[in-house]
Structure formats: C-alpha cells, structure tokens
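Heads up: the structure comes next, in structure tokens.
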Amino acid sequence: MAVTLRPYKKKNGNVIKWHVDIRLTFPGAPPFRERRVSPHRSKTASRKWGEERERQIIESRQTDANGEIVAPDLVRKEIPTVRQFAKRYLEHHCKANRQSTATLVRKATAFRNHINPALGGIRLDRITPEHIQTLKAQLGELAPVTVNAILQVLRAMLYVAVDWKVVDKLPAKIKMLRESEKEMDFYDFDEYAILLRAAQTLGHQHLLVALLGGDAGLRRGEMMALAWRDLDLNRGTLTVNRSRHRGEETGTKGRRTRVVPLTPPLQQALMDHRMGGDGTHVLYTRRKTPPTESTIRNWLLAAQHASGFDPRGPHQLRHTFCSHLAMRGVPAKAIQVLAGHAHLRTTERYMHLSDVAREQAIAALDRSTLWQNGGNAPSCPTDLQ
C-alpha cells in the first residue's frame with residue numbers, strides 16, 4: 001500500500017498541481033489503483049489528502065461483480081422507483097414544507113390514480129420521453145388543464161430528486177399540453193341580481209354564500225373558515241387569511257392575506273345575520289357546526305334552482321366578482337390584490353370582458369391635442385412625423 005505524489009510543473013519549474021497515485025492490494029483481489037489531482041497546492045497538504053483518501057477506500061472496501069475493488073464514491077447508488085420516491089416526496093418535502101391540505105390531497109391523488117399506475121415501477125433515472133408520452137396518452141380523456149396539473153406534480157417530484165442528489169439530472173424533459181384559453185363563466189349584472197333575490201328568500205346562509213363569493217371574491221374554503229374576528233363592520237372590511245379543507249383550517253391559497261372592502265349589501269347582510277353556531281364562524285349548519293364543502297355547494301344550488309339557473313360551483317361567484325370589476329374598468333393590478341391572485345396573468349383572463357378598458361385604450365390614440373390651438377389636422381399618419 002502506498003501513496004505517491006508526482007508534481008506537474010510549468011516550463012519555469014514551478015509546481016502548479018500534484019498528482020496523487022494510490023496503490024492498494026488486498027488478499028484474494030486484483031491490485032487497486034486510483035490516480036487523482038489533489039485539490040491542494042502544497043505537497044504536504046496533498047499528501048495528507050491522499051492518505052485520507054487511502055483510508056476511506058480501505059474502510060469502505062467494496063467489490064464489483066468481477067471481484068475488483070471499487071472506490072466508495074464509484075459504488076453505484078440504488079435509484080428508487082417513481083412509486084418509492086413519491087412517498088418520500090410527499091412526506092419529506094410537501095408535508096415538511098407545510099403545503100396546504102388541498103395541495104397534499106391533489107398531489108397524492110395524482111400519484112395514486114395516474115402517475116403510479118403508469119410509471120410507478122420505473123426507476124427515476126430510467127424515465128424516458130416515451131414514458132412521458134405514454135402517460136399523456138393514458139390521460140387522453142382528461143382536459144388539457146387537468147393533464148398539465150398531473151404532469152406538474154411529476155416534474156416537481158423529479159426536481160426534488162435532483163436537488164436531493166437521488167439522480168444526477170432530470171431523466172426526461174416534460175412538455176406541457178397547449179391549453180386553449182378558457183372563457184370565464186360568470187353571472188352578468190342582471191343574472192346576479194336575480195340570484196341574490198332568490199337567495200334572500202331562502203335564508204341568511206344562502207344569501208351570504210352568494211354575496212361572499214360575488215361581492216367579496218371568496219373561495220369556498222375561505223367562506224368555510226371565515227370567522228367573526230375577521231370582520232370589521234364599523235370600518236366595512238373583511239380580512240381573508242384562512243381556508244378550510246376537509247375539516248382542517250390552513251392558510252389561504254398562496255399563503256396570502258388580503259383585506260376586501262365590504263359592499264353595502266354584504267355589510268347589511270352580515271349585520272342582519274345573527275351570531276350563532278359555535279360563536280366563531282360566520283357560516284354554520286343546523287347542527288351549529290362549520291359548513292362542509294358540500295354544504296356550501298348545496299346552499300348555492302338551492303339559490304340557483306330558485307333562480308332558474310343551471311347548477312354551477314361556488315367558483316362561478318368568484319368569476320363573477322372579478323368579471324364585474326373588470327367590466328367596471330377597475331385596473332388589473334387592483335383586481336389581482338382584491339382576488340388574491342398569485343400572478344397577474346390569472347387576473348388578465350378577465351380583462352377582455354371590460355368594454356371600459358377597450359374604450360380607454362382607443363382614447364389613448366386620440367391625437368386631437370396635436371393640432372389644437374390653431375393647428376391643422378393631419379391628412380395622413382406620416383404628417384405627424
């Protein structure tokens with residue numbers, strides 16, 4: 001056993017690096033040799049580094065299929081399958097980073113129903129573009145937005161695998177499907193008024209669900225978690241800082257707290273709504289408990305049925321909130337803040353509804369000021385140059 005140092009010199013004789021040559025012999029095994037460049041400049045430090053490297057090889061001595069000694073960092077690590085690593089990803093990344101309950105359920109469902117059946121038995125480093133295409137083919141009956149949500153879960157897991165050095169690099173590039181621009185489904189002003197009148201005849205809970213969604217833009221989980229302490233009826237404000245999913249309260253989507261001014265109808269409905277239930281939550285069932293997802297939906301369905309409208313989920317009320325603001329000419333940035341959108345591009349999907357915005361854009365092209373005060377109107381655009 002020996003550690004030998006050989007200098008590499010420039011023409012002027014200066015040593016710029018040291019080559020470390022390690023030779024080892026073990027009973028019953030072929031001779032082992034490893035040559036490396038030392039990370040140190042000095043001979044003494046390079047020798048110590050070589051001796052430490054020799055010790056590591058001896059202590060972690062392993063042999064390959066041919067019985068030859070393999071250096072510890074050359075031993076091939078065991079790569080988990082998609083199904084095996086999915087459990088680690090959900091437990092040690094998603095839960096550890098305190099992702100919302102809804103997000104955890106969505107990701108677990110994506111693995112259980114779609115990713116694991118298609119790719120569960122494949123090692124992470126052996127995923128190929130063809131495997132990704134096979135998964136897309138098996139999801140063929142789902143909408144593109146749903147397929148992309150599943151692919152994003154898989155891609156996020158692979159990025160974590162690279163970050164944790166389970167694999168050296170992404171095994172395959174995951175390309176999303178092209179999504180057609182979805183037209184927002186909302187109630188126009190007259191339809192919304194009809195819905196509110198019908199909800200008022202059914203009771204306070206029905207009316208509050210309609211107003212909290214249509215006048216304040218709350219999501220269903222945010223309605224369920226809304227507490228009296230979140231309201232300031234004197235100042236006319238509502239603070240949204242919690243959500244509820246499957247009986248568990250978490251932060252809002254994106255962990256963003258927002259303050260929404262109360263409209264006069266919503267403020268009056270809250271003042272007329274007597275405190276009941278557990279004394280904490282604004283909305284409550286006949287059993288005096290916070291409502292569930294199905295309870296909120298049923299209250300809205302009753303109002304829709306009384307109005308003669310087709311059944312729609314509570315999120316249509318949130319679309320109505322954003323759409324009405326856009327149609328009134330409210331800037332996109334203001335709508336983003338009031339709705340709690342993480343990205344402005346989400347808000348901009350509503351802006352095509354605004355006739356006011358289009359009129360303001362065309363008004364910006366008004367060049368009448370260029371020839372006021374005695375000037376002449378240009379005969380063609382080039383006259384302005």
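The values are calculated or read from the model by the stated rules, or taken from the named source; none is laboratory data. This structure is a prediction, so every number in the text was calculated from the model and none was measured. Here the Cβ positions follow ideal geometry from the backbone for every residue, glycine too, while neighbour counts run over all protein chains shown. Heavy atoms of the whole protein, side chains included, go into the accessibility calculation; ligands, DNA and RNA do not. Shrake-Rupley method; radii C 1.70, N 1.55, O 1.52, S 1.80 Å.
When the residues of the stretch 206-225 are filtered to those that are in a helix (DSSP H, G or I), of a type outside the set (Val, Ile, Thr) and in contact with a Leu (Cβ under 6 Å, 6 or more places away or on another chain), which remaining residue is surrounded by the fewest Cβ atoms within 10 Å (Cβ to Cβ)?
LEU211
In the stretch 271-283, is there at least one residue being more than 15 Å from VAL209 (Cβ to Cβ), in contact with a strand residue (DSSP E or B) (Cβ under 7 Å, 6 or more places away or on another chain) and assigned to a strand (DSSP E or B)?
no
Residue by residue through the stretch 232-256, note down the ones that are assigned to a strand (DSSP E or B), surrounded by 15 or more Cβ atoms within 10 Å (Cβ to Cβ) and modelled with pLDDT of 85 or more.
LEU238, THR239, VAL240, SER243, ARG244
Is there a residue in the stretch 257-268 that is modelled with pLDDT under 95, among the polar types (S, T, N, Q), buried (at least 17 other Cβ atoms within 10 Å of the Cβ) and in a helix (DSSP H, G or I)?
yes
The conditions are (1) assigned to a strand (DSSP E or B); (2) modelled with pLDDT under 85, and GLU78 fails exactly one of them. Which is it?
(1)
Working only within the stretch 284-325, note down all residues that are of a type in the set (A, V, I, L, M, F, W, C), open to solvent by less than 30 Å² (accessible area, probe 1.4 Å) and in contact with a Ser or Thr (Cβ under 8 Å, 6 or more places away or on another chain).
Residue satisfying the conditions is CYS322 alone.
Looking for something part of a helix (DSSP H, G or I), open to solvent by 80 Å² or more (accessible area, probe 1.4 Å) and farther than 30 Å from ALA225 by Cα - is there at least one such residue anywhere in the stretch 107-125?
Yes, the conditions are met somewhere in the stretch 107-125.
I'd like the residue in the stretch 22-36 that is in contact with a strand residue (DSSP E or B) (Cβ under 6 Å, 6 or more places away or on another chain) and free of Cβ contacts under 8 Å to residues at least 24 places away in the same chain and, out of all such residues, is least open to solvent (accessible area, probe 1.4 Å).
Only one residue fits best here, namely ARG36.
Within the stretch 1-16, which residues are at pLDDT 85 or above and either of a type in the set (Gly, Ala, Ser) or open to solvent by 70 Å² or more (accessible area, probe 1.4 Å) (or both)?
The answer is ARG6, and nothing else.
As an exercise: evaluate ASP185 against (1) open to solvent by 40 Å² or more (accessible area, probe 1.4 Å); (2) in contact (Cβ under 8 Å) with a residue 60 or more places away in the chain; (3) out of contact with any Lys or Arg (no Cβ under 9 Å at 6 or more places or on another chain) and give the number of the one condition it does not meet.
Answer for ASP185: the failing condition is (3).
Among the residues of the stretch 161-181, is any free of Cβ contacts under 8 Å to residues at least 40 places away in the same chain and assigned to a helix (DSSP H, G or I)?
yes
Could you check the stretch 326-345 and list, in sequence order, the residues that are open to solvent by 20 Å² or more (accessible area, probe 1.4 Å) and either closer than 13 Å to PHE189 by Cα or of a type in the set (Asp, Glu) (or both)?
Residues satisfying the conditions are MET327, ARG328.
Which condition breaks for ASP366 when tested against (1) surrounded by 10 or more Cβ atoms within 10 Å (Cβ to Cβ); (2) modelled with pLDDT of 65 or more; (3) not small (Gly, Ala, Ser)?
Every condition holds for ASP366 apart from (1).
Hey, among the residues in the stretch 126-148 that are in contact (Cβ under 8 Å) with a residue 12 or more places away in the chain and polar (S, T, N, Q), which one's least open to solvent (accessible area, probe 1.4 Å)?
It comes out as ASN148.
In the stretch 40-53, what residues are of a type outside the set (Val, Ile, Thr) and either open to solvent by less than 90 Å² (accessible area, probe 1.4 Å) or modelled with pLDDT of 85 or more (or both)?
HIS40, SER42, LYS43, ALA45, SER46, ARG47, LYS48, TRP49, GLY50, GLU51, GLU52, ARG53, listed by residue number.
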